[in-house]
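The values are calculated or read from the model by the stated rules, or taken from the named source; none is laboratory data. Just so it is clear, the structure is predicted and the values come from calculations on it, not from any experiment. All Cβ positions, glycine included, derive from the backbone under ideal geometry; neighbour counts span all protein chains shown.
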Amino acid sequence: MFPPIPNPSVDPAAAKARFSDADLIRRSASEITPPAQRLTEVAKLIDVTKCIGCKACQSACLEWNNLHEEIGISDGTYTNPPDLTENSFTLMRFTEWVNPETENLEWLIRKDGCMHCEDPGCLKACPSPGAIVQYSNGIVDFIHENCIGCGYCIKGCPFNIPRVSKADHRAYKCTLCSDRIAVGQGPACQKACPTQAIVFGTKEEMKGWADFRIKDLKSRGYANAGLYDPPGVSGTHVMYVLHHADKPSIYAGLPDHPRISPIVETWKGVTKYVGLAAMGFAVAAGFIHHLIAGPNRVSPEDEANAERLTGVAPSGSTPSDGHEAGRTT
Amino acid sequence: MTNAWTDIKNTDLVVIMGGNAAEAHPCGFKWVTEAKANRGAKLIVVDPRYTRSASVSDYYAPIRQGSDIAFLMGVINYCIQNDKVQWDYVKAFTNAAYVVKDGFAYKDGLFTGYDETKRDYDRSSWDYVIGEDGYAVVDDTLQNPRCVWNLLKEHVSVYTPEMVNRICGTPKDKFLKVCEMVAECSSKTKTMTSMYALGWTQHSKGAQNIRGMAMLQLILGNIGVRGGGMNALRGHSNIQGLTDLGLMSNLIPGYLNIPTEKEKDFATYMSTRGFKPLRPNQMSYWQNYKKFFVSFQKAMWGKAATLENDWSYSWLPKLDVPSYDILRAFEMMKNGQMNLYFCQGFNPLQAVPNKAKLAEALGKLKLLVIMDPLETETARFWENHGVYNPADPSAIKTEVLQLPTTCFAEDEGSLVNSGRWLQWHWPGGSPPGEAKTDSAIMAGVFLRLRDLYAKEGGAFPDPIVNLDWRYADPKEPKAEELAKEMNGYVISDVMDPADPTKKVLEAGKQLASFGLLRDDGTTASGCWIFTGCFTEAGNMMARRDNSDPDDTGMYLKWSFAWPANRRILYNRASCDIDGKPWDPSRKLIEWDGAKWAGYDVPDIAPTAKPHDVGPFIMNPEGVSRLFTRGMMRDGPFPAHYEPFESPVVNVVAPKIKGNPVARVFKDDLSQFAETASPEFPYAATSYRLTEHFHYWTKNNHVNAVLQPESFVELSEELAKEKSITNGGWVRVWSKRGSLYAKAMVTKRIRPLTCDGKTIHVVGIPIHWGFIGAARKGFPANVLTPFVGDANIETPEFKAFLVNLEASSGPATS
């Protein structure tokens, strides 16, 4: 058993956050001076081969982050909801795969969510200063008050993870429970996992634990068992142990060779200046548009979404009307 | 469980059959992953579906639901044929050598003594030959053709790999691979653990399914050892506590029996409970029955229970039928023989078979009282919810009272887990609104009743007005007070017979162990097996020291395990006949020349010499039983019977439908589909999903998100045949009812071939209803047949027949 992370101390000093803005190594659309010494790099290791798909991680994520996901429908899979959303930062994806070598069925269950890339495509793609940051321990976090909802982070993400909220037009994804990590705890999903399919520690510890697991898998005939820590994004702070590490994509489309889109990579080059010029033009055009057409109006749909977000129902309408009407036929 | 959850980490092979531990017991399943990761243990799953447990298994073999006995007897046959037997264990610790009466035989699916009209056996020939010395006759050479071993060998010989394939549909190569892996555990240094649950119990021969595996474990020498055992994974939190406390119509706490009508007085009742040893020197621990019983009576009626009034024996109810189980209760309700039903923490409209019958029955009641923390379908059975509950409130006269109770997280007390650990818990929150603890509600009812009896008298006031009610606040007994009473206490001083100035027991003190209980009225104990849980040293259930010397997984200082804080039952059998561990690397206890000691509390008298006293101390034989004598209604060996609704004829006994001694009520018989019925061609089974807990969690938003809507699972082959699309609606119907659900078309279910016939399996999760946060849906009991196990009446939820078609879904108005 991987040694469990002790419960937090009740001493108020222990609740003091251990990292802050001074620990940033990257900040979207900003120049910063990284700290002289990085915090110890952390990682979450998801051992797909020990996962029983119980969704305790999904449940813990919703509860710790106080998220309200909609009650969906059954569409013929165990994957509920059917995709990541602005409220579901993590999702168990179920794949029925017949191994062509053995002709045996394998039910592959992968916990999907942010990989916390060492070289984060979302952050590189983000045009809004400080909307995406990376701490020196490797965690990539979204700072929602700086988010402009452009969705570039989704384009920049090699794993298709962030989702923009229809209510507040801001992008959301797994924070690796940076609030918990900051006080010496592991992420909520790890804490809830009954079989230690999710473990958390330093990146080095996780690699060592993965080796131990991979040896066991090889002894059981999984010759290609291995660690998923893709070099295309300089490694990740969420890693997988896979029985078939030679074929990541069988696990509900986990990219075989993830890398940041070349368009995002060139963003930092010449495109950036061309883009800035275009943006300057757009601001000017917008100002002229404002002078001619007047300010934007808040649409009723925006209003309803905002109300749902704040949980306040105005008189004369119920907040859930919009959703129910949209789904029930 | 004979062992503990934490002990599963000690195993070499986990067999999950008759259950789906990863799905239904995800937290306990961690010990399987520990065994795999640290010991290199293997996991076998045998199930009609490729389950979540199968997804992390080393080997999976499919089986048709309801054919487990044929499979298990097939494995036993394989072990016998291939000499994969732990011989030293079998010879010393089982009744293999016991000689059986000449009259006993098995032929054409029936044992000797069958009476077709009574659907029952005369079991008198199912017993040992008793010698002139009064003991059972044994033949240690196993040469006697009438000894248990030879009868067993003959009994299982029909279950060849070919026969297993014909009955179970398990491909022969897969069956043989399972046999091979299992048979390796006949080694003294390899153990296998059996993890099972409702997948074995919910059959008309459920008890025999479990016996089948227990026999196999005995043959492999895997009972009483670390990493072995028969491990029942209980389906409800604290359902173990429910049975321990005798919350069944035929039991009183601690597995003592409610008297029957024929047992008119205490002497008659005790006359069949002598438990005289069947072999020399054996402990036959039930010889202490009278001590447990009298102490129970004293806990119930205190001073009013005296030697003169037979310890108030006459105040106990007497059974006129074998049991008033849930199926009989609803049958009586439907027939207008029951007026008032107290429904405490139970949702029978969802949990008992044949919903239409249940709704009709509830409508015949005068008063229905619901005690529950949640809104339940049963409480709302009278409300119209369209197709989901087509009730007509204007036609129902039943008055329903709902008394809101606290939920487990809002009150204090103990829960007994599958491993028999009594774990104390403290409230995590305050109860909402007017909710009260169950004990406060029951106390309120009792005190009012007692006042009425005291004021107005009645036909039989004695048991009520004399009930011992020694609680500080009579209106709300505290959990600690109830626990202390359950543990037991000394009523009056007991002096040492050798030294009359010395007190052996002091009045008012808590008892430390059930060995101190007495049959002279000087001790009281509400549940003898719990004695030791709350002693003068305090609340042992609240202990939270997780030290575990040498990592044995015993955790003796964590909570309290009944009996006597013992973590592995029959642990004397972890040693050979000389008292040395079979596997020194997995030592549990051992004989040091003078006494038994080790990591666990020895399950034998500490000074009982190893050659004299057998490890199975509860049995008068001192050994375990491969042949159960007349103790089970449906045979001393398990025999294959088809479910009452089966897609195929019983291959080994073609004339027999279902279990020949299972009780069937007349009206229900006409509601069973014919064997191999073309009207109901598909073999259905029902089960739980990990995202939900029975019918509770659909009230919780998060659980409803994780599994929002009801579905049924079927193979790609059947979907193609019936033009059913994945995610589309289907209608499924049995001879009793019909439901709509979404189709889950999956590779995890494959058609089976049984005796040349293609059998399609349809899987039906149970969780949906017309109350709660999740989408409205139909519970599986709309479809299931009203018949139970022949011994204990657990309903046959796991195997029945249905038909299905693509549908446009339920009509919504």
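Any residue at all in the range B:47-67 that's more than 26 Å from residue B:765 (Cβ to Cβ) and hydrophobic (A, V, I, L, M, F, W, C)? So far as the range B:47-67 goes, no, none of its residues is more than 26 Å from residue B:765 (Cβ to Cβ) and hydrophobic (A, V, I, L, M, F, W, C).
Tell me, please, whether a residue that is within 30 Å of residue B:756 (Cβ to Cβ), at pLDDT 95 or above, out of contact with any strand residue (DSSP E or B) (no Cβ under 9 Å at 6 or more places or on another chain) and not assigned by TED's automatic domain parsing to the domain that holds residue B:674 can be found in the range B:615-629. No, the range B:615-629 contains no residue that is within 30 Å of residue B:756 (Cβ to Cβ), at pLDDT 95 or above, out of contact with any strand residue (DSSP E or B) (no Cβ under 9 Å at 6 or more places or on another chain) and not assigned by TED's automatic domain parsing to the domain that holds residue B:674. Of the set (1) touching a residue at least 40 places away in the same chain (Cβ under 8 Å); (2) part of a loop (DSSP other than H, G, I, E, B); (3) not assigned by TED's automatic domain parsing to the domain that holds residue B:304, all apply to residue B:532 but (3). Under 7 Å between Cβ atoms, at least 6 apart or on separate chains: pull out the pairs that start in the range B:79-99 with a residue that is at pLDDT 95 or above and end on any residue that is in a helix (DSSP H, G or I) and of a type in the set (Lys, Arg). Sorted first by the residue in the range B:79-99, then by its partner, the pairs are B:80/B:153; B:97/B:91.
Within the range A:36-50, none of the residues are free of Cβ contacts under 8 Å to residues at least 24 places away in the same chain and touching a strand residue (DSSP E or B) at 6+ places or on another chain (Cβ under 6 Å). The condition (being touching an Asp or Glu at 6+ places or on another chain (Cβ under 9 Å), surrounded by fewer than 23 Cβ atoms within 10 Å (Cβ to Cβ) and more than 13 Å from chain A (Cβ to nearest Cβ)) is satisfied by just one residue among B:759, B:792, B:766: B:792. Exactly one residue among A:80, A:65, A:7 is in contact with a Gly (Cβ under 8 Å, 6 or more places away or on another chain) and within 14 Å of another protein chain (Cβ to nearest Cβ), and that residue is A:80. When A:250, A:161 are screened for being modelled with pLDDT of 95 or more, within 14 Å of chain B (Cβ to nearest Cβ) and under 26 Å from residue A:54 (Cβ atoms), only A:250 passes. Scanning the range A:107-114 finds one or more residues that are without any contact (Cβ under 8 Å) to a residue 60 or more places away in the chain and within 14 Å of chain B (Cβ to nearest Cβ).
Which of the residues belonging to the range B:661-702 are more than 14 Å from chain A (Cβ to nearest Cβ) and outside any loop (DSSP other than H, G, I, E, B)? Working first, answer last.
Within the range B:661-702, the subset more than 14 Å from chain A (Cβ to nearest Cβ) is B:661-686, B:694-696.
If the condition is that a residue be more than 14 Å from chain A (Cβ to nearest Cβ) and outside any loop (DSSP other than H, G, I, E, B), then B:666, B:667, B:668, B:669, B:682, B:683, B:684, B:685, B:686 are the ones that fit.
Of note, residue A:69 satisfies the criterion of being in the same structural domain as residue A:130 (by TED's automatic domain parsing) and either part of a loop (DSSP other than H, G, I, E, B) or surrounded by fewer than 12 Cβ atoms within 10 Å (Cβ to Cβ) (or both).
Filtered by the rule that a residue be surrounded by fewer than 21 Cβ atoms within 10 Å (Cβ to Cβ) and over 17 Å from residue B:144 (Cβ atoms), the range B:93-110 gives B:106, B:107, B:108, B:109, B:110.
Conditions tested, residue by residue: (1) surrounded by 16 or more Cβ atoms within 10 Å (Cβ to Cβ); (2) of a type in the set (A, V, I, L, M, F, W, C).
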site	(1), (2)
B:285	yes, no
B:291	yes, no
B:297	yes, no
B:306	no, no
B:312	yes, no
B:316	yes, yes
B:331	yes, no
B:342	no, yes
B:349	yes, yes
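Residue count for the range B:1-24 satisfying the condition of being farther than 24 Å from residue A:212 by Cβ and within 8 Å of chain A (Cβ to nearest Cβ): 1.
Which helices (runs of 4 or more DSSP H) does the range A:128-213 wholly contain that include 2 or more residues that are under 14 Å from the mean Cα position of the chain (by Cα) and surrounded by fewer than 23 Cβ atoms within 10 Å (Cβ to Cβ)? So that I can check it myself, show each step before the final result.
On the way: elements: A:152-156, A:178-181, A:188-192.
Correct list: A:152-156.
Of the numbered criteria (1) within 11 Å of another protein chain (Cβ to nearest Cβ); (2) closer than 24 Å to residue A:233 by Cβ; (3) in a loop (DSSP other than H, G, I, E, B); (4) in contact with a strand residue (DSSP E or B) (Cβ under 6 Å, 6 or more places away or on another chain), the one residue A:53 fails is (2).
Could you look through the range A:214-227, keep only residues that are free of Cβ contacts under 8 Å to residues at least 40 places away in the same chain and within 14 Å of chain B (Cβ to nearest Cβ), and pick out the one that is surrounded by the most Cβ atoms within 10 Å (Cβ to Cβ)? Can you show your working first?
Within the range A:214-227, the subset free of Cβ contacts under 8 Å to residues at least 40 places away in the same chain is A:214-216, A:218-221, A:223-224, A:226-227.
Filter once more, keeping what is within 14 Å of chain B (Cβ to nearest Cβ): A:214-216, A:218-221.
On the way: A:214: 21, A:215: 10, A:216: 17, A:218: 14, A:219: 10, A:220: 14, A:221: 10.
Across the range A:214-227, the extreme among qualifying residues is A:214.
Might you let me know whether the range A:86-94 holds any residue that is touching a Ser or Thr at 6+ places or on another chain (Cβ under 7 Å), part of a loop (DSSP other than H, G, I, E, B) and more than 10 Å from every other protein chain (Cβ to nearest Cβ)? Looking through the range A:86-94, at least one residue is touching a Ser or Thr at 6+ places or on another chain (Cβ under 7 Å), part of a loop (DSSP other than H, G, I, E, B) and more than 10 Å from every other protein chain (Cβ to nearest Cβ). Just one of (1) surrounded by 16 or more Cβ atoms within 10 Å (Cβ to Cβ); (2) under 25 Å from residue B:779 (Cα atoms); (3) free of Cβ contacts under 8 Å to residues at least 12 places away in the same chain fails for residue B:382. It is (3).
Mind listing whichever residues of the range B:25-53 are in a helix (DSSP H, G or I) and either away from chain A (no Cβ under 14 Å) or within 23 Å of the chain's Cα centre (by Cα) (or both)?
Step one: filter the range B:25-53 for residues in a helix (DSSP H, G or I), giving B:30-39, B:52-53.
Answer for the range B:25-53, where residues must be in a helix (DSSP H, G or I) and either away from chain A (no Cβ under 14 Å) or within 23 Å of the chain's Cα centre (by Cα) (or both): B:30, B:31, B:32, B:52, B:53.
Tallying residues that are under 30 Å from the mean Cα position of the chain (by Cα), more than 14 Å from every other protein chain (Cβ to nearest Cβ) and outside any strand (DSSP E or B) within the range B:709-749 yields 4.
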